[in-house]
1. State whether one or more residues within the stretch 73-94 are hydrophobic (A, V, I, L, M, F, W, C) and assigned to a loop (DSSP other than H, G, I, E, B).
2. Going residue by residue through the stretch 276-283, is there one that turns out to be surrounded by fewer than 16 Cβ atoms within 10 Å (Cβ to Cβ) and more than 21 Å from Gly71 (Cβ to Cβ)?
3. Please enumerate the residues belonging to the stretch 102-134 that are under 30 Å from Val330 (Cα atoms) and touching a residue at least 60 places away in the same chain (Cβ under 8 Å).
4. Against the definition (acidic (Asp, Glu), in contact with a Leu (Cβ under 8 Å, 6 or more places away or on another chain) and either on the phi > 0 side of the Ramachandran plot or free of Cβ contacts under 8 Å to residues at least 40 places away in the same chain (or both)), how does Asp284 come out, yes or no?
5. Which of (1) within 25 Å of the chain's Cα centre (by Cα); (2) assigned to a strand (DSSP E or B) does Val5 not meet, given it meets every other one?
6. Restricting attention to the stretch 138-194, which residues are among the small types (Gly, Ala, Ser) and over 25 Å from Val67 (Cβ atoms)?
7. Restricting the search to the stretch 274-293, which residues are farther than 27 Å from Met154 by Cα, of a type in the set (D, E, K, R) and either outside the structural domain of Ala344 (by TED's automatic domain parsing) or within 15 Å of the chain's Cα centre (by Cα) (or both)?
8. Taking the criterion of being in a loop (DSSP other than H, G, I, E, B), crowded, with 24+ Cβ neighbours inside 10 Å and touching a helix residue (DSSP H, G or I) at 6+ places or on another chain (Cβ under 6 Å), would at least one residue in the stretch 240-253 satisfy it?
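The values are calculated or read from the model by the stated rules, or taken from the named source; none is laboratory data. Please read these numbers as outputs of a predicted model, since none were measured by experiment. Cβ coordinates were reconstructed from backbone atoms using ideal geometry, including for glycine residues, and neighbour counts include every protein chain displayed.
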Amino acid sequence: MANEVLIHSARVVTPTEIWDPGWVQWQGGRIVQARPGSPSADVRAGAVTVIDAERQWLVPGFIDMHVHGGGGAEVMDGTPEAIRTVARFHASHGTTAWLPTTLTGPLASIERSLSAVAEAQAAEAKERSGALILGVHLEGPFISPKHPGAQDPMYIMDPASAAVERLLQAVPGLVRKITMAPERPGALDVIRALRRRGILVSIGHTDASAEETRAAIAAGATHATHLFNAMVGIHHRRPGTAGTCLVSDEVVCELICDGLHVDFDVVQLVFRVKGYDRVALITDAIGPTGCAPGRYRLGTLDILVDEQRSVLASDHGTLAGSVLTMERAVANVIRKAKASVCDAVAMASTIPARELGLAETKGRIAPGYDADLVLLDEAWTVTRTWIGGREIYCRA
């Protein structure tokens, strides 16, 4: 049977090396061959579509575990159309799978967003038009009022409340990850219960001490939400939340690499202490990402957005999510934080795939893996995106 697509003359990025040139062939949504060098005449003849990559970068699709919005829409808009708009926008920037991320707000509004995600997920399964929805990340409301960031303190609540189960049952099986402040009453028991159900628990928006952080890790928390931001930082006598997560082998540290949330010298420090294998790149992107500068809403709060950052309108010093895309995050850590191309791509694809239990199907270019692929030019700007072998985006 003829293979559907063959792409050749690419710089193919694997977790350990770059094939320059390399070629990849896929059929029915799965990669069937991936090799260095050039394909034979027989392989070319067997392909329905042949693409000359002209030495552009070919990478596994990025997986973003923390996305609030993009392209003018947000998860908390609470409609399937908004979710699909976000999915299409980020697919054009290399994200092939994502966790729609909610904000702290009234439980009814979070439930409405969960239902909208489920509807969008079902629609996308029939007609793929954007990044694959892998589940939902609840960022709140089980966080600390001392570190709310750009989340509304009015709706913060303890994890020991019935609200956790209420949100999990809104759409059973949809929630894949929850950000939680582990010092809140009842948090440790909730963390244990969530881990038994296979839900990732991420430490974030927290005032936890080193001791409280260690207890959360022992209970089953395995991630740190946007490391250093909205948590207790490092002091040489008090490692705080950030320091404890940084030195804990059990924790994957998530980073927003826009140069605003974490200085690039500190990003390099994280790489040296943590290693690339325990870091995941996220965007924390919000609805105005990709839109004109101006005044917008983030959940229940007013924000000001320009080309580089988003801040609370009431406090210009408080960052409110980001206007980052995954292609820029990858480019930034290569250019400004001295990561290798292989490591940068792995932190945006291979590591998130592993953390979500998808290490055997996503996050690398190899036979048997899903044909979630991204082609980027020399400036690390996306030119084409394929999800499950189907072209979702092509730059005009």
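1. Of the residues in the stretch 73-94, the ones hydrophobic (A, V, I, L, M, F, W, C) are 73, 75-76, 82-83, 86-87, 89, 91.
Those still in the list that are assigned to a loop (DSSP other than H, G, I, E, B) too: none.
The answer is no, given that none of the residues of the stretch 73-94 is hydrophobic (A, V, I, L, M, F, W, C) and assigned to a loop (DSSP other than H, G, I, E, B).
2. Narrowing the stretch 276-283 to residues surrounded by fewer than 16 Cβ atoms within 10 Å (Cβ to Cβ): 277.
With the extra rule that they be more than 21 Å from Gly71 (Cβ to Cβ), the set shrinks to 277.
Yes, the conditions are met somewhere in the stretch 276-283.
3. Hits for the stretch 102-134 are Leu103, Thr104, Leu114, Arg128, Ser129, Gly130, Ala131, Leu132, Leu134.
4. Numbers: acidic (Asp, Glu): yes; in contact with a Leu (Cβ under 8 Å, 6 or more places away or on another chain): yes; either on the phi > 0 side of the Ramachandran plot or free of Cβ contacts under 8 Å to residues at least 40 places away in the same chain (or both): yes.
So Asp284 fits the description; yes.
5. All conditions are met except number (1).
6. Step one: filter the stretch 138-194 for residues among the small types (Gly, Ala, Ser), giving 140, 144, 149-150, 160-163, 170, 173, 181, 186-187, 193.
If the condition is that a residue be among the small types (Gly, Ala, Ser) and over 25 Å from Val67 (Cβ atoms), then Ala160, Ser161, Ala162, Gly186, Ala193 are the ones that fit.
7. At the first step, the residues of the stretch 274-293 found to be farther than 27 Å from Met154 by Cα are 274-281, 290-293.
Those still in the list that are of a type in the set (D, E, K, R) too: 274, 277-278.
The answer is Arg278, and nothing else.
8. Start the filter on the stretch 240-253 by keeping residues that are in a loop (DSSP other than H, G, I, E, B), which leaves 248-251.
Narrowing further to those that are crowded, with 24+ Cβ neighbours inside 10 Å: none.
No, the stretch 240-253 contains no residue that is in a loop (DSSP other than H, G, I, E, B), crowded, with 24+ Cβ neighbours inside 10 Å and touching a helix residue (DSSP H, G or I) at 6+ places or on another chain (Cβ under 6 Å).
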